[in-house]
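The values are calculated or read from the model by the stated rules, or taken from the named source; none is laboratory data. What you see is a predicted model, and the numbers here were worked out from it, not measured in a lab. A quick note on method: Cβ atoms are made from the backbone with ideal geometry, for glycine too, and the neighbour counts reach across all protein chains shown.
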Amino acid sequence: MSERGTEIDRERRRLLGAAAGAGVALVAPAVVVRALETTPRDAPVDGRVRWGLAIDTAKCAAGCTACVDACARENGLDLQHPPEGAEPADWATQRAVWVRKVRLRDDQTGRETNLPLMCQHCEHPPCVDVCPTGASFKRADGIVMVDRHTCIGCRYCMMACPYKARSFIHEALSDQLSHVPRGKGCVESCNLCVHRRDFGLPSTACAEACAETGHGAILFGDLADPDSAISRFLASEPTRQIREDLALNTGVRYAGV
Amino acid sequence: MKRIVYREWRLAPARYWGILGVLAVMVGAGLLAFAYMEHEGHWVTGMNNSVVWGTPHVFAVFLIIASSGALNIASIGSVFRKPIYKPLGRLSGLLALALLAGGLMVLVLDLGRPERLVVALTNYNFKSIFAWNIFLYTGFMAIVITYLWSMADRKGDPFIRPVGVFALLWRLALTTGTGSIFGFLVARQAYDAAILGPMFVAMSFAYGLAVFVLVLMFGFAEDRRPIGARMLRRLKNLLAVFVLAVLYFTLVYHLTSAYGAKDQGLEGWLLFDGGVYTTLFWVGWILLGSLVPLGILYHPVRGAEAPWVAAACVLVILGGLAALAVVIIASQAYPLQLFPGKTILESGFLDGVGGQPAPYHPTLPELLLGFGGVGLALLITAVGVRVLQFLPESLADEVLPIDEETIEQPVAKAA
Ligand code: SF4
Ligand code: SF4
């Protein structure tokens, strides 16, 4: 596509995004969180913020799973149990994972890197583009998530996601947390602890847990605010996006890979 | 040359109901499998968070593109003015409808929330090619029904060609739309290829025709209606050309992606050490699905014998399923290349540790659901040819229209 075509496309996406944002604002009870001041939960999602994460892989420790465990607790993923009769090996491929630890070795230098990998909250999310019903959507504040009431479970978004960030619920759930609705036959993924955003709480479960271990490899914050800790980190450290070639402008950035 | 007479399929009731019974059992088993998957959840299938589309999608895509290919016969007859194919037009339309219905059944019943189909029909995301396909499929049904009417009703005569042209264009859009479902997945190496579109069109011609010829031969043999040597030669030559086209696009597809440096990992894996996928590719797609049928169809003696032509059709169909399994499943099993130049040593979510492909072991319910779709397509066809006049009385050489139209024999007189 030509330069101009791309621009127009971007423009259209922005308009669509704005429309989607307005729609979300109408239906979703939400709070504006800016510099940690909270406003009532029925205020619209603030389009002036863009939530994101910065991962400093140098600080991410081998063998540590604090972020993964915290995510499971926060979002009720640990309430998911293998259905009776499921083979453990199969279950391992079918249970939901919102964030995972990956250990890499550079083929040239042999250097090892550890990092957590989750939904990258793309600015131009392929999962949203392909979703037939619009269940997969991007909020005005940059969070990409699934509306679990309109998802028909076609899994096209999982095919489209370059990061394999999404999980399909393969069995009936007997237990879940009221602030994280989940359900059999729907797709889900990391939503940057969206309930915390809507309640005006700081940070995400993973970033908090990582800080508690003393590693502090995950930084959560507003990418649109130049004075936020995350923006200052991105300004001072060389970071990159995974699969930068796809030009998705991800909301999750990595240092040291 | 005589007027073509169409007649309902006149089998002895016992035989006919026997056939219907077998097909109904296939459909029933598919529905039971669906009920089981729906009740338990998808964990009873082999599909998982890495291979998210499995056997049901192989069958669904096969049936949908075969549907478009089945209608090709009617197009050749009316749009491209080859009267010899005209007597086949009605069956071609019926089969197109039936195959599409079968494919859609499988696709819908595999959804995680099939009961939310209404949501899919009322909430459109117009950026999604999937949503567009819903229009393409429903539109296709409507057009084919009009087309059938124009072929069957005397009053429809002047509309045959315009409706046929429209159906042809719509059909190409439908196949391209189905192919684009994969083409839009830019993040997956296997689908990042422009050749995928034309390859799907060629596949649809070949698989649709193979199904058509088999159904035609079976229907005619059961009812002792003759298929002359001229018609058989025509059909088998056409099939051979389509199979060659698929083979050609397959070669181009795999050569171009083998030369694109980025994809060498995927290509090398698929062509040489992809295990079952390598077998599916070479033995299923290339050998049994392309080369052997070509050998039969171009054989000077075997190529003229009906049982051999039927065998070639069966092989083309099986090869087609193998090909789609490679296109759909192998490309998901191969790990996404997230970190070029790095090896994944450990991962909490099967990211292809050490380049390992993701596991996928199809289970019985998935297969039954797929066969249920095939059963539905054949059931609709069997009922259709019984109650309405879809099948010509005879395709013997002497009753067939001429092969090609010329200026002296315009279409109105030929028909
Ligand atoms: S990482 Fe995947 S799931 Fe997350 S926004 Fe991007 S495409 Fe969607
Ligand atoms: S699985 Fe759900 S969220 Fe994903 S594309 Fe389908 S309907 Fe949209």
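Reported count of residues in the stretch A:66-92, each being farther than 20 Å from A:Asp175 by Cα, within 9 Å of chain B (Cβ to nearest Cβ) and surrounded by 17 or more Cβ atoms within 10 Å (Cβ to Cβ), is 1. Could you check, for the stretch B:120-136, whether at least one of its residues is within 14 Å of chain A (Cβ to nearest Cβ), in a loop (DSSP other than H, G, I, E, B) and among the aromatic types (Phe, Trp, Tyr)? Yes, the conditions are met somewhere in the stretch B:120-136. Whether any residue in the stretch A:187-204 is surrounded by 16 or more Cβ atoms within 10 Å (Cβ to Cβ), modelled with pLDDT of 95 or more, out of contact with any strand residue (DSSP E or B) (no Cβ under 6 Å at 6 or more places or on another chain) and within 14 Å of chain B (Cβ to nearest Cβ) is what I want to check. Within the stretch A:187-204, one or more residues are surrounded by 16 or more Cβ atoms within 10 Å (Cβ to Cβ), modelled with pLDDT of 95 or more, out of contact with any strand residue (DSSP E or B) (no Cβ under 6 Å at 6 or more places or on another chain) and within 14 Å of chain B (Cβ to nearest Cβ). Take the conditions (1) more than 27 Å from B:Leu378 (Cα to Cα); (2) surrounded by 15 or more Cβ atoms within 10 Å (Cβ to Cβ); (3) more than 16 Å from ligand 1 (Cβ to nearest atom); B:Lys127 misses just one of them, which is (3).
Elements of the type strands (runs of 3 or more DSSP E) sitting completely within the stretch A:42-155 and holding at least 3 residues that are away from ligand 1 (no atom under 16 Å from the Cβ) and at pLDDT 95 or above: these cover A:99-106, A:112-118. Every residue in the stretch B:262-281 that is crowded, with 17+ Cβ neighbours inside 10 Å, in a helix (DSSP H, G or I) and not charged (D, E, K, R), please. Listed by number, the residues that qualify are B:Leu266, B:Trp269, B:Leu270, B:Tyr277, B:Leu280, B:Phe281. With respect to (1) under 30 Å from A:Tyr163 (Cα atoms); (2) out of contact with any His (no Cβ under 8 Å at 6 or more places or on another chain), the lone exception for B:Trp43 is condition (2).
Quick grid of which residues meet (1) in contact with a helix residue (DSSP H, G or I) (Cβ under 9 Å, 6 or more places away or on another chain); (2) of a type outside the set (D, E, K, R); (3) within 13 Å of ligand 2 (Cβ to nearest atom):
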| position | (1), (2), (3) |
| --- | --- |
| A:Ile152 | yes, yes, yes |
| A:Cys161 | yes, yes, yes |
| A:Ile169 | yes, yes, yes |
| A:Ala172 | yes, yes, no |
| A:Asp175 | yes, no, no |
| A:Gly183 | no, yes, yes |
| A:Ser189 | yes, yes, yes |
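Take the conditions (1) among the acidic types (Asp, Glu); (2) without any contact (Cβ under 8 Å) to a residue 12 or more places away in the chain; (3) within 16 Å of ligand 2 (Cβ to nearest atom); A:Asp227 misses just one of them, which is (3). Checked against the criteria, A:Gly110 counts as more than 8 Å from chain B (Cβ to nearest Cβ) and farther than 27 Å from A:Gly185 by Cβ.
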